[in-house]
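A short reminder: the numbers here are calculations on the coordinates, not readings from a lab. Just so we're clear, the structure is a prediction, and the values are computed from it rather than from any experiment. Glycine gets a Cβ as well: all are built from the backbone with ideal geometry, and neighbour counts include every protein chain shown.
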Amino acid sequence: MAEELAVAAARLGSGQRSIALTRSAAELRTRMWRVGHREDDARDALELHAAVAREALVQGLLNEGCSAARARAALAGELARDPGRLYREMYVALRTFDTDACRAACERDLMTLVAYRPDKAVLEALDAQAAKERAQAVARRAESAPSPPVVLADDGGVVLAPPPVASTAPPVKVLSIDPYGSKDRARVVVTLSGPTSYRVGELPGPRLFLDLERTAPASRREIAVSGLVEKVRQTKRTEPGAADTTRILLDLAVFAHRRIFYLPEPFRVVIDLATHEAPRATAPPGAPRPVTRVAIDAGHGGSDPGAIGPGGLREKDVTLEVAHLVAPMLSSELGILTMLTRDDDRAVPLDARAARANAFHADLFVSIHCNASENAAAHGVMSFVLDTTRDEIANAVAARENATSIAASSQAATIASGLRLADLGARSTHLAELLQHAATSSLSSFFSDISDQGVKRAGFFVLVGAEMPSVLFETSFISSPWEERRLAAPEYRRRLAVALTNAIRAYRDGL
């Protein structure tokens, strides 16, 4: 079982899922060592713990990396029967990851081993080792940083393509094609087994084609849709020089403007279509804004519980309850028509959520979530908008919500910057600021110690492609024991819904 987990992690490459599988394999090998006392199990566990620590350092998940390094140190000292080895390994973990949580844990362990503290020369060598590991992680992070996308614009819209993929790269396969949409809006998501280059063009009909290079088609060759996209077909190109090209052909009801881009982990090409381009803001500063439709997105759902609190409270249940509370408030108090991206406990792909908001012609889009941290003391209310950032915490939150790596989340923000209207980012930030103010005001009058964590920026997949101001709202930290208890309380959830309603009212009124 441990070997199967390690193999699965290797296939995934980088990212949080790979780290989680490798960590599970390391823990299983450690238990096997403790039961059977086979040194091979212990050595395998040491390598797996080290792999988790290295990858976590590259991804910026410092507390995760520290935990793996501490586990490796404990096992290394035990295997060598050498407390001095344990001290040295723990010291390197401290100097490498050096967060507040890591420092507290390592210093507590080192205090019990103070008799085995080495001399100054050895400590200096260990400091140099830690510095080298950090430098190597920075170099690896730079190597994996996303290259600027290739942007092409014409009368039909915008196409963001990845840098050309090397001709020696192995071929990939179309895994699925998922269409979403309505009469005048549509999104088609093509998921592949790996990255590839592509071209876009038009044919009479009207029809739109997407040519995927070095690609084998999926088994389902034709999908009947309805609305703006009537049918999606796959064909294998047979022209000279196109033998390894799969053509995705969209039969359209009418001509449509397009925005085509890609997202990583897994690699997918997203085709957004609309009969009319998204409107730009027309209200002058301080004037009332037209807000008649709002899309509320309850995060996670179905087989994806989201974050789970120490007492077992599930993020997906909290977000759905808050969504169910805010929808009637918006209707009765503001006369706003509300659409929920999910109305019950079901899984909705991240790609589909913004698509549903676009098809609904929403004026605002708010995605509701519960925050989580390895630090149980972390607490407070936080809002996010889609943008690039160097904030380690913001990137980690986006990676968790995306179920992907920090590098992929950062890349998504870079891609999204080429799709947005010029003023959409500013309007989203303003909505987020109003939401933060409304949340802290609504909650602090009923509950003590409400902390305003402010507006952050990061690359959230759920917000990419939204045509309206959009915000991801982290209600509170479900990982905090006392905030978990609050999130479970009906009054706390009601006050969150009140905050959302008040923020949308303030935005509509031009505040």
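Please report the orientation-averaged projected area of the range 293-508, defined via the convex hull of its C-alpha atoms, in nm². Before the final figure, lay out each step's value.
Values: hull surface 41.5 nm².
In nm², the orientation-averaged hull projection of the range 293-508 is 10.4.
Given 10 Å bins starting at zero, what is the percent of C-alpha pairs of the chain in each, up to the one with the largest pair distance?
4, 17, 25, 24, 18, 9, 3, 0, 0
Collect residues whose amide H, placed 1.01 Å from N in the peptide plane, falls under 5 Å from the amide H of Ala466; neighbours closer than 5 in sequence don't count.
none
Neighbouring Cβ atoms within 10 Å as the yardstick, rank Ser448, Ser373, Ser331 fewest first. All intermediate terms of the calculation are to be shown ahead of the outcome.
On the way: Ser448 6, Ser373 19, Ser331 13.
Going from least to most buried by this count: Ser448, Ser331, Ser373.
Largest first and to the nearest Å, give the Cα extent of the range 31-149 along each principal axis.
52, 37, 24
Taking trypsin sites (Lys or Arg not before Pro) that fall in a DSSP loop and have at most 10 other Cβ atoms within 10 Å as cut points, what is the longest piece of the chain between them? Write out the running numbers ahead of the final one.
Numbers: sites that count: Arg81, Arg280, Arg390.
For trypsin sites (Lys or Arg not before Pro) (loop position, at most 10 other Cβ atoms within 10 Å), the longest site-free span of the chain is 82-279.
Rounded to the nearest 0.05, what FRET efficiency do Ser176 and Val114 give with R0 = 56 Å and r taken as the Cβ-Cβ distance? Could you check?
On the way: r = 57 Å, r/R0 = 1.02.
For Ser176 and Val114, the calculated efficiency is 0.45.
Among the chymotrypsin sites (Phe, Trp or Tyr not before Pro) within the range 384-487, which fall in a DSSP loop and have no more than 16 other Cβ atoms within 10 Å of their own Cβ?
Values: sites: Phe384, Phe446, Phe447, Phe460, Phe461, Phe473, Phe477, Trp482; in loops: Phe446, Phe447, Phe460.
Those that pass, being in a loop and sparsely packed, are Phe446, Phe447.
What residues have an amide H closer than 5 Å to that of Lys456, excluding those fewer than 5 places away on the same chain, when H is modeled at 1.01 Å from N in the peptide plane?
Ser383, Phe384, Val385
To the nearest 10 degrees, how steep is helix 392-402 against the longest Cα principal axis of the chain, on a 0 to 90 scale?
For 392-402 against the chain, the angle is about 60 degrees.
Using θ = phi - 60° and the Karplus relation 6.51 cos²θ - 1.76 cosθ + 1.60, list the HN-Hα couplings for the range 405-417 in order, rounded to whole Hz, with x at every Gly or Pro.
Values, residue by residue: 7, 4, 4, 5, 5, 5, 5, 4, 5, 5, 5, 4, 5 Hz.
Determine the relative contact order of the chain: mean sequence separation of Cα pairs under 8 Å and six or more apart, normalised by residue count, in whole percent.
Details: 1035 pairs, mean separation 64.6, N = 511.
Across the chain, relative contact order equals 13 percent.
Roughly what % antiparallel, to the nearest 5, for the DSSP beta bridges in the chain? Write down the numbers at each step before the final one.
On the way: 54 of 79 bridges.
Antiparallel bridges make up about 70 percent of those DSSP assigns within the chain.
Output the relative contact order of the range 151-274, whole-number percent, from Cα pairs under 8 angstrom with separation of 6+ residues.
Values: 295 pairs, mean separation 35.6, N = 124.
Reported as a whole number, the value is 29 percent.
Please work out the FRET efficiency for the pair Asp343 and Leu203, using the Cβ-Cβ distance as r and a Förster radius of 45 Å; give the result to the nearest 0.05. Please list the in-between numbers first.
Details: r = 38 Å, r/R0 = 0.85.
Taking R0 as 45 Å, the efficiency between Asp343 and Leu203 is 0.75.
How about the chain: what cysteines have no other cysteine beta carbon under 4.7 Å from their own?
Lone cysteines by the Cβ rule: Cys106, Cys370.
What is the order of Ser444, Ser18, fewest Cβ neighbours within 10 Å to most?
Values: Ser444 15, Ser18 20.
Fewest-to-most ranking of Ser444, Ser18: Ser444, Ser18.
Using Cα-Cα distances under 8 Å and only pairs 6 or more residues apart, what relative contact order does the range 50-209 have, in percent? Don't jump to the answer; show the numbers that get you there.
Numbers: 171 pairs, mean separation 22.5, N = 160.
Answer for the range 50-209 is 14 percent.
Please compute one quarter of the surface area of the Cα convex hull for the range 61-112 and express it in square nanometres.
Working: hull surface 11.7 nm².
Average projection, Cα convex hull of the range 61-112: 2.9 nm².
Net charge near Leu364, counting Lys/Arg +1 and Asp/Glu -1 over other residues with Cβ under 10 Å of its Cβ? Spell out each step's value before the answer.
On the way: positive: Arg289, Arg293, Arg427, Arg508; negative: Asp363.
Result for the neighbourhood of Leu364: +3.
Report the longest stretch of the chain that contains none of the GluC sites (Glu not before Pro) sitting in a DSSP loop with at most 16 other Cβ atoms within 10 Å. All intermediate terms of the calculation are to be shown ahead of the outcome.
Values: sites that count: Glu277, Glu374.
For GluC sites (Glu not before Pro) (loop position, at most 16 other Cβ atoms within 10 Å), the longest site-free span of the chain is 1-276.
For the range 380-453, build the convex hull from the C-alpha positions and give me its volume per residue in Å³. Display every interim value, and only then the final one.
Details: hull volume 6.5 nm³, N = 74.
Each residue corresponds to 88 Å³ of Cα convex hull volume.
Excluding Ala51 itself, calculate the net charge of residues whose Cβ lies under 11 Å from the Cβ of Ala51, where each Lys or Arg counts +1 and each Asp or Glu counts -1. Walk me through the intermediate numbers first.
Values: positive: Arg23, Arg54, Arg72; negative: Asp44, Glu47, Glu55.
The answer is 0.
Quick one: order Val188, Val172, Val114 by neighbouring beta-carbon count within 10 Å, fewest to most.
Details: Val188 25, Val172 20, Val114 8.
Lowest to highest Cβ neighbour count: Val114, Val172, Val188.
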